[in-house]
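The structure's right below; bear with me while I get my questions together.
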Amino acid sequence: MKILMLHGGARKKGNTATAAGWMEEEFISAGHEVESISLFDKDINGCLACAKCKDIPDKVGCIQKDDAAEILDKMVAADLVVFTSPLYFWGLAGPLKTFIDRTYSLYIDYHKPTHTSLVEGQRQALLVTGAGPYENNAEPVFTAFNRLQSPHKAVKAGELYLGRCTTPDNFDAATREQVLDFAREIVT
Ligand SMILES: Cc1cc2nc3c(=O)[nH]c(=O)nc-3n(C[C@H](O)[C@H](O)[C@H](O)COP(=O)(O)O)c2cc1C
């Protein structure tokens, strides 16, 4: 399986990167092809909402010339996309949110019978880490993610929230096992 991991967090040794690293190792050891991209390090502008992309349905038609173009093409080619992010103010970290907004260019005619998507049938998963619990804190980010597959015509492969994250050193063996199980689950 061709797996694209898109990371929204800034900290290369942070909680999210640590958990995502375990997932990546698990994917590689299972024989999958993995590419991992730190969106924080990329030049990605916000969506202009110009809808010019809607005139070019057979390829990514965004008119902006920044790093998103190449990443969107990689997303189209992937069988599974794993989005990862720390929880920031009950939402995704800015770089990932900004990139997801640019996926507006991947489909046309949402809510119409002519709706098509360049990522139709693609599996998508979300990993989020946060300091607080799931309840009354992390739900909004998963609510939004669960809706994303509809315009994308994609398939939800899974979601994982790791709460009570302070420093990566606090991750215990059970959390690592939970992350590895999640990695195995979303490829099947
Ligand atoms: C700007 C900012 C906003 C945050 N907002 C939340 C939040 O709304 N809920 C929460 O549980 N944790 C919040 N946190 C804590 C982080 O989500 C948490 O420590 C996370 O695991 C950090 O991930 P990282 O180590 O990969 O950077 C916030 C942290 C920062 C820096």
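Could you list, in sequence order, the residues of the stretch 70-129 that are outside any helix (DSSP H, G or I) and among the acidic types (D, E)?
D79, D109, E120
Can I ask one more? Give me the pairs, please: first residue somewhere in the stretch 89-109 and under 13 Å from I71 (Cα atoms), second residue anywhere and within 12 Å of the ligand (Cβ to nearest atom) and in a loop (DSSP other than H, G, I, E, B), beta-carbon distance under 6 Å, and either six or more positions apart or on two chains.
If the second residue must be within 12 Å of the ligand (Cβ to nearest atom) and in a loop (DSSP other than H, G, I, E, B), the pairs left are P95/G8; L96/G8.
Just for the stretch 55-77: of the residues that are surrounded by fewer than 22 Cβ atoms within 10 Å (Cβ to Cβ) and among the small types (G, A, S), which one is farthest from I37 (Cα to Cα)?
G61
Quick one: in the stretch 86-109, of everything that is among the aromatic types (F, W, Y) and surrounded by 15 or more Cβ atoms within 10 Å (Cβ to Cβ), which residue is farthest from G163 (Cα to Cα)?
Y107
Out of the residues in the stretch 13-25 meeting the condition of being of a type outside the set (A, V, I, L, M, F, W, C) and either within 9 Å of the ligand (Cβ to nearest atom) or on the phi > 0 side of the Ramachandran plot (or both), tell me which one is surrounded by the most Cβ atoms within 10 Å (Cβ to Cβ).
T16
Residue-by-condition table, conditions (1) in a loop (DSSP other than H, G, I, E, B); (2) aromatic (F, W, Y); (3) over 21 Å from G21 (Cα atoms); (4) away from the ligand (no atom under 11 Å from the Cβ):
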site	(1), (2), (3), (4)
A131	yes, no, no, no
Y134	yes, yes, yes, no
T143	no, no, yes, yes
L148	no, no, yes, yes
A157	no, no, no, yes
R176	no, no, no, yes
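Can you name the number of the only condition in (1) within 22 Å of T18 (Cα to Cα); (2) more than 16 Å from the chain's Cα centre (by Cα); (3) hydrophobic (A, V, I, L, M, F, W, C) that I108 fails?
The failed condition is (1).
Every number here is computed from the coordinates shown, using simple stated rules; none is lab data. Not measured: the values here are computed from a predicted model. Cβ sites come from the backbone with ideal geometry, for glycine too, and all protein chains shown count toward neighbours.
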